[in-house]
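Below is one structure; the comments refer to it alone.
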Amino acid sequence: MTWSAPFRVPLNSPHGPATLSSGRLLYAGKQLWQPGQRIGVCESVDDGRTWRWLSDIPARSGDSVVDYHELHVVEAANGRIIVQIRNGNGNRVNPGETLQSESADGGKNWTTPHAIGVWGLPSHLLRLRDGRLLMSYGHRRAPFGNQARISSDHGQTWSEPIIVSDDGAGPDLGYPATVELASGQLITVWYESLKDSPHAVLRQARWSI
């Protein structure tokens, strides 16, 4: 009903922070407003009133964190924390793929990002009520649309793609976000530019696994 004045958080990412089982908020993203543009995570222990930089996420050998973008974080059912990263290192290894990094100590230290075999970006992460993880992401080459994948082993491996939408007019779409309803159905919402239209719209799909 009421809101504070806006204030700056130390980093940026489109899907925002996640609530951990400890009650902390963890926000994975990129530091855009200071030299260096490092990537990492911030934490808040007072429901987002204040934030502190907790840790950096390293780059792979040969990569630059300047070309890592739009991170999102989720806590798996076993307590491991997973971050997925949009890989913008276009002329290097795994261009256009999602990279993943993990933390086993609450976000203080992170593994070197690695490919998970998923072409598409950026991803949104969700832990389902049954403990499985869901990633949804834009697929900006034919078939244009949005896809999802499931992990039943806390993010160690991911399923084959699930088609959420495949009727896009072109690559100007994506940034899906997914929620689980009380019924167990899923709703995914994304933006999309329509054919022969100067305006983008929001679309949604209601689906089940």
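The values are calculated or read from the model by the stated rules, or taken from the named source; none is laboratory data. On a predicted model such as this, the values are computed, not experimentally measured, just so you know. Backbone-built Cβ (ideal geometry, glycine too); neighbour counts: all protein chains shown. Areas reflect the complete protein model, heavy atoms only, side chains present, ligands, DNA and RNA absent. Shrake-Rupley method; radii C 1.70, N 1.55, O 1.52, S 1.80 Å.
Touching a Ser or Thr at 6+ places or on another chain (Cβ under 6 Å) and open to solvent by 40 Å² or more (accessible area, probe 1.4 Å) - does that describe any residue in the range 51-69?
Of all residues in the range 51-69, those touching a Ser or Thr at 6+ places or on another chain (Cβ under 6 Å) come to 51, 57-58, 60.
Within this subset, residues satisfying the condition of being open to solvent by 40 Å² or more (accessible area, probe 1.4 Å) are 51, 58.
There is at least one residue in the range 51-69 that is touching a Ser or Thr at 6+ places or on another chain (Cβ under 6 Å) and open to solvent by 40 Å² or more (accessible area, probe 1.4 Å).
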(Q) Being in a loop (DSSP other than H, G, I, E, B), under 21 Å from TYR68 (Cβ atoms) and not hydrophobic (A, V, I, L, M, F, W, C) narrows it down to one residue among GLY117, GLY107; which is it? (A) GLY107
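Here is a check on your reading of the model: is GLY36 among the small types (Gly, Ala, Ser), at pLDDT below 95 and surrounded by fewer than 17 Cβ atoms within 10 Å (Cβ to Cβ)? Break it down stepwise before answering.
On the way: among the small types (Gly, Ala, Ser): yes; at pLDDT below 95: yes; surrounded by fewer than 17 Cβ atoms within 10 Å (Cβ to Cβ): yes.
When the stated conditions are applied, GLY36 passes them.
In this structure, is PRO6 open to solvent by less than 50 Å² (accessible area, probe 1.4 Å), in a loop (DSSP other than H, G, I, E, B) and not β-branched (Val, Ile, Thr)? So that I can check it myself, show each step before the final result.
Details: open to solvent by less than 50 Å² (accessible area, probe 1.4 Å): no; in a loop (DSSP other than H, G, I, E, B): yes; not β-branched (Val, Ile, Thr): yes.
The answer is no for PRO6.
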Q.
One residue is enough: does the range 32-55 have a residue meeting the conditions in contact (Cβ under 8 Å) with a residue 60 or more places away in the chain, out of contact with any His (no Cβ under 9 Å at 6 or more places or on another chain) and of a type in the set (A, V, I, L, M, F, W, C)?
A. yes
Q | Exclusive hit being under 13 Å from the mean Cα position of the chain (by Cα), of a type outside the set (Phe, Trp, Tyr) and open to solvent by 50 Å² or more (accessible area, probe 1.4 Å), set ASN87, ASN78, ASN12 | A | ASN12
